[in-house]
2 protein chains.
Amino acid sequence: MPSTALFTDHYELTMLQAALKNGTADRHSVFEVFTRRLPEGRRYGVVAGTGRVLDAVENFRFDPEMLEYLRARRVVDGATIDWLADYRFSGDIWGYPEGEVYFPGSPLLRVESTFAECVLLETVILSILNHDSAIAAAASRMASAAGDRPLIEMGARRTHELAAVAASRAAYIGGFTLTSDLAAGFRYDIPTTGTSAHAFTLLHDDERSAFEAQVAALGSGTTLLVDTYDVTQAVRTAVEVAGTGLGAVRIDSGDLLLVAHRVRQQLDEMGATKTRIVVTSDLDEYAIASLAAAPVDAYGVGTQLVVGSGHPTCSMVYKLVARAKSGDPAAPLEPVAKKALGGKTSMGGRKWAARRLDADGVAEAEVVGTGEVPAELAEQQLLVQLVKAGEVLVREPLDEVRDRHAAARANLPLSAAQLSRGEAVIPTEYA
Amino acid sequence: MPSTALFTDHYELTMLQAALKNGTADRHSVFEVFTRRLPEGRRYGVVAGTGRVLDAVENFRFDPEMLEYLRARRVVDGATIDWLADYRFSGDIWGYPEGEVYFPGSPLLRVESTFAECVLLETVILSILNHDSAIAAAASRMASAAGDRPLIEMGARRTHELAAVAASRAAYIGGFTLTSDLAAGFRYDIPTTGTSAHAFTLLHDDERSAFEAQVAALGSGTTLLVDTYDVTQAVRTAVEVAGTGLGAVRIDSGDLLLVAHRVRQQLDEMGATKTRIVVTSDLDEYAIASLAAAPVDAYGVGTQLVVGSGHPTCSMVYKLVARAKSGDPAAPLEPVAKKALGGKTSMGGRKWAARRLDADGVAEAEVVGTGEVPAELAEQQLLVQLVKAGEVLVREPLDEVRDRHAAARANLPLSAAQLSRGEAVIPTEYA
């Protein structure tokens, strides 16, 4: 893995320099990641990116070329650069398990070590969690809307090429089944799939030749794209070429509800009763929901997935919530919090969090507090240890994370699945 | 540079397999990148990412590990994998110079070679252009709104860690001056800067100690953050600690218009008349414009920059517009275009583009056509050759691209700078 050490804001290093110089750099510190609110109208958030965060922390090492850059550009002084050369995170990280849901105020990641060690990680941790959680949240809503029908992630072309890979990963966590992105398949072993583009049909002298070429190369189980010219004619040609064993047809334009019904009828009349219908074309969770009664077998989602369906980021912040008053490891922690204009006040102190369940075992509140955890919530605690003395403790297969998300979502009140705008589906209570 | 070859959708490779098998893979083909519309209400687009596209094309090589992945997952057959092992793009690419503005239908990139060579590049080219152009367009609007005041890009924590680096680059092209992102400084030599975070103040026993530490380490030219507790008290302490030579103060919350006026007055009364005021806190182009009359010296922009201020992607597509009817290099090109439902029809044929100017030299129309370029537009043509027979011809310093954008924007009708929603500032005419 390449170094992640420069995914860092300039001020993290200048703050480090100042803290090293006056001796505060060694003060034991607790930083927490949380969000003050969910994106407007959303009912829950989804923690995604934790696995990538752990990789990023492990690979947060300054190589000689980076140090030389910092020296040449005079970002910080020589003493600080020497300190950076030896940097490796040696503290503890606790967090919500990846795939869990979260609410306003949920302390979804907690980073503890000296101020110096913690402050450097702010930017890269927030980048990953803000991006990946935004995509996972959109994916989760789409998965609710799709029910049992599979969702294919095909948004790579609509976002940064590496953001796309992370987006595929987050979409899988949120409930997608497949991706079109080979880099995501390669990196995370997410199953990949593909159909065909209009260019392939246009390359050929006519649609029939294109279909023949595709079936000859990929077998009749392939998915033929049927909306380059006339859909009805294309479906007829498709079944003539591939036979009634044709795997699927894809529709990428028009009134999908109407066209899907017409195509289903036509396929059935031709005996291709097992041929599936895949729809694409700027789908989002609302469009998916509106097709619930249509004879659609799979949804391909691009743009709206990778842009978080209107909310491409999560406004998570990384805040110092407690610190010692000296560098003495035995010095007690004191809670700290900003108190300024504009409602940006936050709650000081190292937090625990638990999800209180009602008599039926359904989530009823996110409870966040400092100090002792009430005995009745001890079993519902959310934070788990992810890093201990710099060693990453948790490496999870993506399928486990995906299953955890499905379980966490299933444990929310039913209104969590409502697509309409509303409040968080459970309140956050401060103990 | 790492390989870019897997930033590719699964179907590009299966289409390749089918085309290799039936002999159409060698047909000379022309693909064009364009967008059918600008994001709603926007008056112009900004081409950004071209330099990254050229790097991506150059590094589009399948390494053995990638080929093994494709083989193990049976993405394509052995013959196709052998073909991929030797892949390197050997064709031509023309495009709008990076930093130019564009309009609906502008053919902003044209890729020519065999179908096989071109089709593979679709995903990575669109990823880069869709992302980078979205950010540059937002940056350009913010730069218009900011006038002569510098803009600092500080959005790294709000987007994917590598998207953030590309976003810094695009923001610089669009008119930003500085970035907080060290990775962007390292990779693209964009000047970096930083102030201080609330955590640094909270780390210390009191605000004065924090300011003293920062000034001791970084000099009185530093920027002190004055809204952790009480702004008026903080400004007083800041000037007491740093003297009237204090570089700047940063305000990150509250009613920025009101607070900036109050802080300016206080600084002036204390004799710190040269101390600048930097404002941050969820700024977008509208908030920047609303501060035009406020005593603000620089704007720091985070979230809204990296999410494209409401439009995080550009809906650019990569379409086959012409191809030969055989693999014979002498075979004539024939225009092709999809004709289907839902208004997704596009114009076939290899296109030229020119920006027609009025008598005052101001842009008056984007003219797009096929065939001969009218003599009166010959000097206003927009496409330049970027790659010739696989060799990249153009490597531009980012400052040149940035200057080109400023010139292109300055050459648009004045209403281009209007932030209100409206139509494209010049019409696209098809010759």
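The values are calculated or read from the model by the stated rules, or taken from the named source; none is laboratory data. Computed from a prediction, not measured in an experiment: that's the story for all the values here. Don't worry about glycine lacking a Cβ; one is built from the backbone with ideal geometry, like all the others, and counts go over all protein chains shown. The protein model used for the area step is the full one, side chains on, heavy atoms only, and it has no ligands, DNA or RNA in it. Shrake-Rupley method; radii C 1.70, N 1.55, O 1.52, S 1.80 Å.
Per-residue mean of foreign Cβ neighbours for A:300-313 is 3 (Cβ atoms of other chains, 10 Å radius). The other copies place their B:N59 label points at 1.3 nm from this one, listed shortest first, where each point is 7 Å from Cα along Cα→Cβ.
Helix B:256-269 versus the longest principal axis of chain B: what is the Cα-based angle in degrees, 0 to 90, to the nearest 10? So the helix axis and the longest Cα principal axis differ by about 40 degrees. Sorted shortest first, the distances from the B:L398 label point to those of the same residue in the other copies are 3.1 nm; each point sits 7 Å from Cα along Cα-to-Cβ. Straight-line reach from B:K21: taking Cα to Cα under 20 Å and skipping same-chain neighbours fewer than 8 places apart, the aspartates and glutamates in range are A:D205, A:D206, A:E207, A:E212, B:D9, B:E12, B:D77, B:D82, B:D86, B:E117, B:D328. Within the accessible area of the stretch B:151-309, the carbon and sulfur atoms contribute 49%, probe 1.4 Å, all protein chains present. Restricting to the stretch B:242-334, what percent of DSSP beta bridges are antiparallel, rounded to 5? Counting only bridges with both partners in the stretch B:242-334, antiparallel ones make up about 25 percent.
What does the structure give for A:213-219 when I average, per residue, the other chain Cβ atoms found within 10 Å of the residue Cβ? Write out the running numbers ahead of the final one.
Working: counts 10, 7, 1, 3, 13, 7, 0.
That average works out to 6.
Peptide B:224-233 is shielded by partner chain Cβ atoms: per residue, an average of 2 of them sit within 10 Å of its Cβ. Partners of A:K339 within straight-line reach, counting lysines whose Cα lies under 23 Å from its Cα and excluding those fewer than 8 residues away in the same chain: A:K319, A:K325, A:K351.
Starting from the coordinates of the alpha-carbon atoms of the stretch B:151-309, obtain the Kirkwood hydrodynamic radius over all distinct pairs and give the value in Å to one decimal.
Values: mean 1/r = 0.0624 Å⁻¹.
Its Kirkwood hydrodynamic radius stands at 16.0 Å.
Tell me the distances, shortest first, between A:E429 and the same position across the other copies, using label points 7 Å along Cα→Cβ, in nm to one decimal. The projected label point of A:E429 is separated from its counterparts by 7.0 nm.
Based on Cβ point charges of +1 for Lys and Arg and -1 for Asp and Glu, what charge dipole magnitude is obtained for the stretch A:195-296 about its Cα centre, in debye rounded to the nearest 20? Provide the component values of the computation, followed by the final result.
On the way: 7 positive and 14 negative charges, 76 e Å.
Computed about the Cα centre, the dipole is about 360 debye.
Solvent-accessible area of A:C118, all protein chains in place: 0 Å² (probe radius 1.4 Å, heavy atoms, ligands and nucleic acids excluded). Taking every DSSP bridge with both residues inside the protein assembly as shown, close to 65 percent are antiparallel. Computed from the alpha carbon positions, the gyration tensor of the protein assembly as shown leads to an equivalent ellipsoid with semi-axes of 47, 33, 24 Å, biggest first.
Taking a quarter of the surface of the Cα convex hull of chain A, what do you get in nm²? Write out the running numbers ahead of the final one.
Numbers: hull surface 97.2 nm².
If I average the Cα hull's projected area over directions, I get 24.3 nm².
What's the total accessible area buried between chains A and B, using a 1.4 Å probe, rounded to the nearest 100 Å²?
Working: alone 19330 and 19310 Å², together 30440 Å².
Chains A and B together bury approximately 8200 Å².
Short-range pairs are left out: with C-alpha atoms under 8 Å and at least six residues apart, the relative contact order of chain A is 23 percent.
Rolling a 1.4 Å probe across the protein heavy atoms gives chain B an accessible surface of 35 Å² per residue.
Taking the stretch B:262-354 on its own, what percent of its Cα-Cα pair distances exceed 19 Å? For the stretch B:262-354, the fraction of Cα-Cα distances above 19 Å is 67 percent.
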